[in-house]
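Below is one structure, written out as C-alpha cells; comments come after it.
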Amino acid sequence: MGYSSSVYKSAEDRLAQKRLNAQKQADARREEIYKRIPRARELEREIAGCGTAAVRTVLRGGDVVEEMTKLKEKNLTLQSELKMLLREAGYSEDVLEPRYSCPKCSDSGYVEINGRTVMCGCMKQQLAACACEEINRIVPLTLSTFESFKVDRYSKNTDPKTGIAPYYHMEKIYKYCRAYTQNFTPTSKSILMKGATGLGKTHLSLAIANEVIRRGYGVMYVSAPELVIRLERERFSRGEDNNDLLEMLTGCDLLIVDDLGTENHSAFTDSQVYTIFNSRFLSRKPVIISTNLTMAEMERDYSSRFVSRINGAAQKLDFLGEDFRIGMRNKQ
Ligand SMILES: Nc1ncnc2c1ncn2[C@@H]1O[C@H](COP(=O)(O)OP(=O)(O)OP(=O)(O)O)[C@@H](O)[C@H]1O
Ligand SMILES: [Mg+2]
Ligand SMILES: [Zn+2]
C-alpha cells in the first residue's frame with residue numbers, strides 16, 4: 001500500500017466515523033429497549049458486575065478457580081435470561097451489539113491473523129476510494145470522459161506523410177480504449193499511447209481511469225516527472241511508510257504514467273522506474289504509458305531492456321491529428 005498520508009488519514013477518519021455511528025445506533029436501540037424491558041437494564045448491569053467481580057477475584061487471590069466457575073455460571077444464566085427477554089420482545093439476540101458495516105474488523109480497519117495485525121479488506125477498499133478522490137484533485141477526472149472525447153475533430157483527409165486519415169485511425173483507438181475499459185481486469189494488457197502534443201492521450205487515459213475506478217479497481221495516475229520527484233523524496237525520507245510508494249506503484253490494479261520522457265533522469269530513478277515497470281510486466285499488471293517520444297527516442301533515453309519490455313507487454317496506440325489545444329485557441 002503506498003498511499004499518501006492524507007489518503008490514510010481520510011480512510012481512517014471515515015472508518016472511525018462508521019464505527020462511531022454503529023455505536024451510537026446501538027446506544028439508541030439500548031435506550032429504547034430499556035424503556036420497553038426495564039429488566040434488560042438490570043441484567044446488563046449484573047453482567048457487567050460479573051466482569052468486575054472476576055477481576056477482583058483474580059487480584060485477591062485465594063481459591064480463584066472455584067470463585068471464577070461460579071461467576072462464569074452466573075454470567076451465562078444472566079446472558080441467557082437477557083437473550084430470552086429480547087427474543088420474546090421480538091428482537092434479535094444481538095440487538096444490543098453495535099452493527100458494524102464490516103463485521104470482520106468491527107470497522108477498525110485491522111484484523112488479527114495468526115497473532116499478527118493486518119489491514120482488513122474494507123480498509124483497503126476505503127484507501128482505494130480515497131486515493132481516487134485524490135487523483136481527482138490532481139487532474140479533473142470528470143472532464144476527461146469517453147463522452148466528452150470527440151472523434152469528429154480529427155481530419156478525414158488522408159495525411160500524405162503517413163497515408164492515413166486521422167479520423168478513422170483515432171476512431172479505432174477510441175473504440176479500443178472503450179472496449180479495454182469494459183473488459184478491464186487487473187491482468188489486462190498494458191497500453192503505450194504515443195504521439196505529438198495535444199492529441200488526446202491524457203484525455204483518453206483519464207477516461208479509462210474514470211471508468212475503471214467506477215468499476216471498483218484501484219487506479220493510480222502519476223506524471224513521469226512527478227513520479228521521479230516522489231521516488232527521490234521517498235529515498236531520502238526513510239520514514240515509516242518508506243516502501244509504501246513502490247508497493248502502491250507496483251501493486252495497484254492500473255498504473256497510469258503520463259508524459260514519459262519529460263522527467264529528469266538519474267541512475268537511481270531510472271532503475272526504480274525500470275523496477276516498477278518490470279515488476280508489473282512480470283506479474284501481468286497493466287500500465288498505461290503516454291509519451292511524445294518516438295520509439296527511436298525511447299531507445300535513446302531508456303535502456304534497451306526497458307524499451308523491449310514495453311514493446312513486448314504493451315499495445316501501441318499511435319495518436320494522429322492536429323494539436324487540439326491549437327484548435328481551441330484558434331476558436332477563441
Ligand atoms: N478528441 C478530443 N475530444 C475532446 N477533447 C479533446 C480531444 N483530444 C484532446 N482533447 C482536449 O484537448 C486538450 C489536450 O489534450 P490532451 O491533454 O489529452 O493531449 P495529450 O495528447 O495528452 O498532449 P501532451 O502530449 O501534450 O500531454 C485537453 O483539454 C483534452 O481534454
Ligand atoms: Mg498529456
Ligand atoms: Zn473490515
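The values are calculated or read from the model by the stated rules, or taken from the named source; none is laboratory data. Just so it is clear, the structure is predicted and the values come from calculations on it, not from any experiment. Cβ placement follows ideal geometry from the backbone for every residue including glycine, while neighbour counts extend to all protein chains displayed.
Structure notes:
- Residues of the range 296-309 that turn out to be surrounded by 14 or more Cβ atoms within 10 Å (Cβ to Cβ) and either in contact with a helix residue (DSSP H, G or I) (Cβ under 8 Å, 6 or more places away or on another chain) or without any contact (Cβ under 8 Å) to a residue 24 or more places away in the chain (or both), as a count: 6
- Val228 being more than 16 Å from ligand 1 (Cβ to nearest atom), in contact (Cβ under 8 Å) with a residue 40 or more places away in the chain and in contact with a strand residue (DSSP E or B) (Cβ under 8 Å, 6 or more places away or on another chain): no
- Only residues that are assigned to a loop (DSSP other than H, G, I, E, B) and in contact with a helix residue (DSSP H, G or I) (Cβ under 8 Å, 6 or more places away or on another chain) were counted in the range 99-139, giving 11.
- Matching residues, the range 79-118, being of a type in the set (Val, Ile, Thr) and without any contact (Cβ under 8 Å) to a residue 40 or more places away in the chain: Val111, Ile113, Thr117, Val118
- Condition broken by Thr145, with the remaining ones in (1) in a helix (DSSP H, G or I); (2) more than 8 Å from ligand 1 (Cβ to nearest atom); (3) of a type in the set (S, T, N, Q) satisfied: (1)
- Which listed residue is farther than 28 Å from Val219 by Cα and surrounded by 14 or more Cβ atoms within 10 Å (Cβ to Cβ), from Leu141, Leu78: Leu78
- Criterion applied to Leu192, Leu227, Leu231, Leu206 was being of a type in the set (A, V, I, L, M), modelled with pLDDT of 95 or more and under 20 Å from Ser290 (Cβ atoms), and the one residue passing it is Leu192.
- Any hit, the range 83-91, residues being under 30 Å from Leu15 (Cα atoms) and not charged (D, E, K, R): yes
- Of all residues in the range 169-215, those being without any contact (Cβ under 8 Å) to a residue 24 or more places away in the chain and crowded, with 22+ Cβ neighbours inside 10 Å number 0.
- Restricting attention to the range 284-303, the residues that are part of a helix (DSSP H, G or I) and within 14 Å of ligand 1 (Cβ to nearest atom) total 1.
- Among the residues of the range 111-138, those identified as surrounded by 14 or more Cβ atoms within 10 Å (Cβ to Cβ) and over 25 Å from Val222 (Cβ atoms) are Val111, Cys120, Cys122.
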